[in-house]
Amino acid sequence: APPPPLRRPAFRPVTIRTAQDAKTAAAQYLRWLGFTDVKATERSPASGIDLRGPDVIAHVDPTTSPTGLREVETLWLNGLNESAVAVCFSLAGYARDARVRADELGLPLFVLDLTGTPQPVNDPADELIRTTP
């Protein structure tokens with residue numbers, strides 16, 4: 001028999017008004033998925049890693065332009081180097097080449113709506129929601 005579906009309480013979003021709100025919403029979502037001890041970095045470092053936990057890193061793009069290929073590849077490489085799950089959150093969505101590359105790399109992409117609720121954009125994101133304890 002298949003395992004029972006995961007039982008999680010409903011996600012409580014954070015309304016997004018600032019870049020910091022976007023980081024907060026993404027961090028809460030990662031904690032909701034089951035990643036522990038996720039913290040936001042003070043300033044966005046050159047690496048683009050805005051959130052970090054023991055086994056997860058994330059980039060949060062609060063800009064009004066679609067997240068590009070470079071950010072996706074940089075995040076993926078950082079995840080590889082740190083043996084961490086890498087996850088990307090964007091307010092404005094993703095450039096087409098970034099989406100294609102993220103699919104090739106198996107990098108979960110989420111779009112944050114202004115209510116602060118992340119929506120999965122690709123199969124790796126759906127998979128992350130399904131399989132994270």
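The values are calculated or read from the model by the stated rules, or taken from the named source; none is laboratory data. Computed from a prediction, not measured in an experiment: that's the story for all the values here. Here the Cβ is made from the backbone with ideal geometry for all residues, glycine too, and neighbour counts use every protein chain on show. For accessibility, only protein heavy atoms count, side chains too; no ligands or nucleic acids. Shrake-Rupley method; radii C 1.70, N 1.55, O 1.52, S 1.80 Å.
Summary of computed values
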quantity: Surrounding net charge for Ala19, when Lys and Arg each add one and Asp and Glu each subtract one, Cβ distance under 13 Å; calculated: -1
quantity: Å² of accessible area per residue within the chain, as computed with a 1.4 Å probe and no ligands counted; calculated: 55
quantity: Distance between the stretch 106-133 and the stretch 28-68 - C-alpha centres, whole angstrom; calculated: 13
quantity: Mean separation of Cα contacts under 8 Å (6+ apart) over length of the stretch 85-132, as relative contact order %; calculated: 34
quantity: Choice from Val38, Val100, Val14 with maximal GNM fluctuation in the chain (Cα, 10 Å cutoff); calculated: Val100
quantity: Net +/- balance of residues flanking Glu82 in space, Cβ distance below 10 Å, scoring K and R +1, D and E -1; calculated: 0
quantity: Radius of gyration, Dmax [the chain; alpha carbons; angstrom]; calculated: 13.8, 47
quantity: The stretch 19-125, relative contact order in percent, only Cα pairs under 8 angstrom and at least six apart counted; calculated: 22
quantity: Cβ-defined net charge surrounding Asp55, 11 Å radius [Lys, Arg +1; Asp, Glu -1]; calculated: -1
quantity: Residue among Thr24, Thr67, Thr36 with the largest mean-square fluctuation in a Gaussian network model of the chain, springs linking Cα atoms under 10 Å; calculated: Thr36
quantity: Residue order for Arg130, Arg31 - accessible surface, 1.4 angstrom probe, largest first; calculated: Arg130, Arg31
quantity: Which of Gln20, Leu51, Pro9, positive extreme of dipole for the stretch 6-55 (C-beta unit charges); calculated: Pro9
quantity: Assigned charges on the beta-carbon of Lys, Arg, Asp, Glu; the stretch 19-125 dipole about Cα centre (debye); calculated: 140
